[in-house]
Amino acid sequence: MKNKFFKTLVFFVRLEKVTEPIPLIGHIAFGIIDRGTNMLQVRPFSNCPMSCIFCSVDAGPKSRSRVTEYIVDADYLIEWVNYVVQKKIHQVSILIDGVGEPILHPDIIKIVKGIRENKKVFEIAVETHGLPLTERLVKGLANAGLDRINLSLDSLDESKAKYLSGHQGYNVSNILRIVDIALNEGIKIMLTPVWIKGINDEDIINIVKYGKEKGLFFGIQKYVEHPRGRKIGKEVSWKEFSEFLSEIEKMLDVNLFLSPSQFKIYPDVRLGPVFEIGEKVIGEIVLDGWMKNEVIISARNRVITVVGVNNIPKGVSMKVRITRNKDEIYLAKIS
Ligand code: SF4
């Protein structure tokens, strides 16, 4: 099922299909991210039709840094999820998220259904800003076994929401209509707006009022400046963020601080890292780079982003030195 936003998106980007035998661990934009707990982030699709003015990953039509987007083959992604899940000690929670709008993957329902068949998975959630949500999609996701939608709705005001999302088609009343449908279908909703001090203070309070009336969960996010992200307003300290949430809690008698254990998320075994920092590795170029002057190589069943390279075609082997291995997101330079 191809969403109208997906159809528009594929015309304007270089879209790489990620399929066998390209490993699905190692890159931040696609595949699986394992941060050493029993929650796995699963990233099927990297592009986004929106251009949120605060976007930490510079996504969407207004991106100035991204040159390639990725779409992962659904069956292959499910295979990899099963492979990582069976290594974990605890039952596993899956969050389908990404550096774009993951639910725009044309096979998103198939992906949810495929993961649901794994009896060791106790929960599946998707993260979205809501633009691609339709009644048909939500009903399909509910039938496939989706448990929760994490909805990053940053304002209930129509024109403010359009401004924040950088998309004139962003329609709050339609998204709220779909929230009702999702609740009727048995999907939980967690509201995950981004607070940007001085830009959407009142909006966050109104979102919490709305969520309280509907009996929803909250996972309010702090605007964080990233080197490659879009800059807007001023980033507040974690202390100020916590004080802001505490004030709203008191004002509206709600709980805005949820701990990982409430979501049954615990430390768990990791598969890697399979490369040490400084290690020299030989790999073959398998994908174009996400950003300019990057390529992606494959080695030891992982992908590695090599930075500072130009015009090297796929299939070429190169020797690199690993510069980052945190959470098995690998970066390297030519050695
Ligand atoms: S914040 Fe999310 S929805 Fe907004 S542009 Fe970035 S990736 Fe897209």
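The values are calculated or read from the model by the stated rules, or taken from the named source; none is laboratory data. Quick caveat: nothing in here was measured; it's all calculated off a predicted structure. Glycine also receives a Cβ, built like all others from the backbone with ideal geometry; neighbour counts cover every protein chain displayed. Areas reflect the complete protein model, heavy atoms only, side chains present, ligands, DNA and RNA absent. Shrake-Rupley method; radii C 1.70, N 1.55, O 1.52, S 1.80 Å.
Filter the range 119-135 down to the residues that are open to solvent by 30 Å² or more (accessible area, probe 1.4 Å) and touching a residue at least 12 places away in the same chain (Cβ under 8 Å), then identify the one that is nearest to the chain's Cα centre (by Cα).
Glu127
Identify the residue in the range 37-53 that is more than 7 Å from the ligand (Cβ to nearest atom) and open to solvent by 10 Å² or more (accessible area, probe 1.4 Å) and, among all such residues, is nearest to Asn3 (Cα to Cα). Give the derivation first.
Keep residues of the range 37-53 that are more than 7 Å from the ligand (Cβ to nearest atom), which gives 37-47, 49, 53.
So of that shortlist, the ones also open to solvent by 10 Å² or more (accessible area, probe 1.4 Å) come out as 37, 39, 41, 43, 49, 53.
Numbers: Thr37: 33, Met39: 28, Gln41: 23, Arg43: 18, Pro49: 11, Ile53: 23 Å.
Ranking the candidates gives Pro49 first.
Residues that are out of contact with any strand residue (DSSP E or B) (no Cβ under 8 Å at 6 or more places or on another chain) and modelled with pLDDT under 95: does the range 81-94 have at least one?
Taking every residue of the range 81-94 in turn, none turns out to be out of contact with any strand residue (DSSP E or B) (no Cβ under 8 Å at 6 or more places or on another chain) and modelled with pLDDT under 95.
List every residue pair whose Cβ atoms sit under 8 Å apart, with the two residues 6 or more apart in sequence or on different chains, where the first one lies in the range 60-86 and is assigned by TED's automatic domain parsing to the domain that holds His105 and the second, anywhere, is of a type in the set (Ser, Thr, Tyr) and buried (at least 16 other Cβ atoms within 10 Å of the Cβ).
That search, which allows pairs on different chains as well, returns Gly60/Ser51; Pro61/Ser51; Lys62/Ser51; Ser63/Ser51; Glu69/Ser46; Tyr70/Ser46; Ile71/Ser46.
Quick one: is Ala142 more than 16 Å from the ligand (Cβ to nearest atom) and more than 20 Å from Phe5 (Cβ to Cβ)?
yes
Considering (1) free of Cβ contacts under 8 Å to residues at least 40 places away in the same chain; (2) outside any loop (DSSP other than H, G, I, E, B); (3) touching a Gly at 6+ places or on another chain (Cβ under 9 Å); (4) surrounded by 13 or more Cβ atoms within 10 Å (Cβ to Cβ), say which one Gly283 fails and leave the rest.
Result: Gly283 passes all but (3).
Select, from Leu151, Leu164, Leu183, Leu191, the only residue that is out of contact with any Phe, Trp or Tyr (no Cβ under 9 Å at 6 or more places or on another chain) and crowded, with 20+ Cβ neighbours inside 10 Å.
Values: Leu164 fails: out of contact with any Phe, Trp or Tyr (no Cβ under 9 Å at 6 or more places or on another chain); Leu183 fails: crowded, with 20+ Cβ neighbours inside 10 Å; Leu191 fails: out of contact with any Phe, Trp or Tyr (no Cβ under 9 Å at 6 or more places or on another chain).
The unique qualifying residue is Leu151.
Being under 22 Å from Phe54 (Cβ atoms) and either aromatic (Phe, Trp, Tyr) or part of a helix (DSSP H, G or I) (or both), is that true of even one residue in the range 266-273?
no
For the condition more than 11 Å from the ligand (Cβ to nearest atom), acidic (Asp, Glu) and either open to solvent by less than 20 Å² (accessible area, probe 1.4 Å) or under 19 Å from Pro227 (Cα atoms) (or both), what is the one hit in Asp73, Asp34, Asp58?
Of the residues listed, the single one that is more than 11 Å from the ligand (Cβ to nearest atom), acidic (Asp, Glu) and either open to solvent by less than 20 Å² (accessible area, probe 1.4 Å) or under 19 Å from Pro227 (Cα atoms) (or both) is Asp34.
Let me confirm something: among Glu101, Glu16, which residue is away from the ligand (no atom under 16 Å from the Cβ), buried (at least 19 other Cβ atoms within 10 Å of the Cβ) and within 30 Å of Asn293 (Cβ to Cβ)?
Glu16
Within the range 114-133, how many residues are more than 25 Å from Cys55 (Cβ to Cβ) and near the ligand (Cβ under 10 Å from one of its atoms)?
Qualifying residue count, the range 114-133: 0.
Okay, residues lined up against (1) assigned to a strand (DSSP E or B); (2) closer than 27 Å to Asn38 by Cα; (3) assigned by TED's automatic domain parsing to the domain that holds Val85; (4) of a type in the set (Ser, Thr, Tyr):
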| site | (1), (2), (3), (4) |
| --- | --- |
| Leu287 | yes, no, no, no |
| Val303 | yes, yes, no, no |
| Ile312 | no, no, no, no |
| Met318 | yes, no, no, no |
| Asp327 | no, yes, no, no |
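In the range 184-221, what residues are of a type in the set (D, E, K, R) and in a helix (DSSP H, G or I)?
Asp201, Glu202, Asp203, Lys209, Lys212, Glu213, Lys214
Quick one: in the range 145-181, which of the residues that are in a helix (DSSP H, G or I) and within 13 Å of the ligand (Cβ to nearest atom) is farthest from Ile103 (Cα to Cα)?
Step one: filter the range 145-181 for residues in a helix (DSSP H, G or I), giving 158-165, 172-181.
Those left that are additionally within 13 Å of the ligand (Cβ to nearest atom): 161-165, 175.
Working: Ala161: 20, Lys162: 20, Tyr163: 22, Leu164: 20, Ser165: 17, Ile175: 14 Å.
Going through the qualifying residues, I end up with Tyr163.
Applying the selection to the range 243-254, what residues are surrounded by 12 or more Cβ atoms within 10 Å (Cβ to Cβ) and in contact (Cβ under 8 Å) with a residue 12 or more places away in the chain?
Listed by number, the residues that qualify are Phe244, Leu245, Ile248, Leu252, Val254.
Can you confirm whether Lys209 is in the same structural domain as Lys314 (by TED's automatic domain parsing) and open to solvent by 40 Å² or more (accessible area, probe 1.4 Å)?
no
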